[in-house]
1. Multiply the residue separation of MET43 and GLU194 by 0.36 nm, subtract the distance between their alpha-carbon atoms, and state the gained length in nm to one decimal.
2. In nanometres, what is the gap between the two model label sites at ARG62 and SER36, each 7 Å from Cα along Cα-to-Cβ?
3. Set the bar at 21 Å for Cα to Cα. Now go through LYS150/LYS175; LYS25/LYS102; LYS52/LYS145 and name every pair that lies beyond it.
4. Could you please rank THR16, THR172, THR179, placing first whichever residue has the fewest other Cβ atoms within 10 Å of its Cβ?
5. Tell me, what HN-Hα J-couplings in whole Hz come from the Karplus equation 6.51 cos²θ - 1.76 cosθ + 1.60 at θ = phi - 60° for each residue of the stretch 51-61, using x for Gly and Pro?
6. Under a crude label model (7 Å from the Cα following the beta-carbon direction), how far is ARG186 from ASP77 in nanometres?
7. Cut-off is 10 Å between beta-carbons; in what order do ASP17, ASP77 appear when sorted fewest neighbours first?
8. I'd like the Karplus ³J(HN,Hα) series for the stretch 168-179: coefficients 6.51, -1.76, 1.60, θ = phi - 60°, whole numbers in Hz, and an x wherever there's a Gly or Pro.
Amino acid sequence: MFGRKKSSSDSTKRFTDEEVLKACKAGGASRERAISYLYKQYMGFVYDAQKKFHQLSLDDLRDAYGEAVVGLSRQIDNEVLRGESSLSTYLFRSFSNRCVDKLRRNASNKADWVSQIPKLPDLARNMLEEMVLTEKFQALAPYLKKIGEKCRQILLDAEYYGYSLEEIAVRTGSKNAGTVSSLKHRCMKRLREEMGIT
């Protein structure tokens, strides 16, 4: 386990999410080994992403992956994770989000960043997600511009990129997750009004 000195068999052993969470919460060397395990265990995400995010360099992908692992460790520390998804699913989504952020920053034509975003099929949960995950996204983009930059960011972060309300609060400088939830509701209402959906 993570709480004892690493043996040669630990390098090939797979640990359950529960074991990783327990080790992280224990802190110290146990936590360090658990985070190191997560980092090494899912490093394949970086190489798989070279096709999907071909506009990014391998260094960019590694940076994004490292940021995602650090983000996951913070979510564990803050007890934000609710067990709705596996750690690998959360890490992959977080990694993909950070790759998209890098694409947006690197794009030479900021207005055309939407064409570079890969589809994330596991996020289709509601009307907005269904639209952004199909060819209708291009038709949705002008409406998102009309509702203002902050609303656009909140809706895309929540419904497309998969950020938690807590993460969005940090990204947008909002007071807390509750504030983001209220803003998201108002922004969705504005979007529906702009689109003529009642």
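1. Answer, rounded to one decimal: 50.1 nm.
2. 1.8
3. The pairs that break the limit, which is 21 Å between Cα atoms, are LYS25/LYS102; LYS52/LYS145.
4. Working: THR16 10, THR172 18, THR179 14.
Ranked by crowding around the Cβ, least crowded first: THR16, THR179, THR172.
5. 7, 5, 10, 5, 6, 9, 6, 4, 5, 4, 5
6. 3.2
7. Details: ASP17 16, ASP77 12.
Ordered by Cβ neighbours within 10 Å, fewest first: ASP77, ASP17.
8. Couplings: 5, 4, 5, 5, 9, x, 7, 5, 6, 4, x, 4 Hz.
Each reported figure results from applying straightforward, stated rules to the coordinates on display, with no laboratory input. Computed from a prediction, not measured in an experiment: that's the story for all the values here. Heads up, the Cβs are rebuilt from the backbone with ideal geometry, glycines too, and the neighbour counts pull from every protein chain shown.
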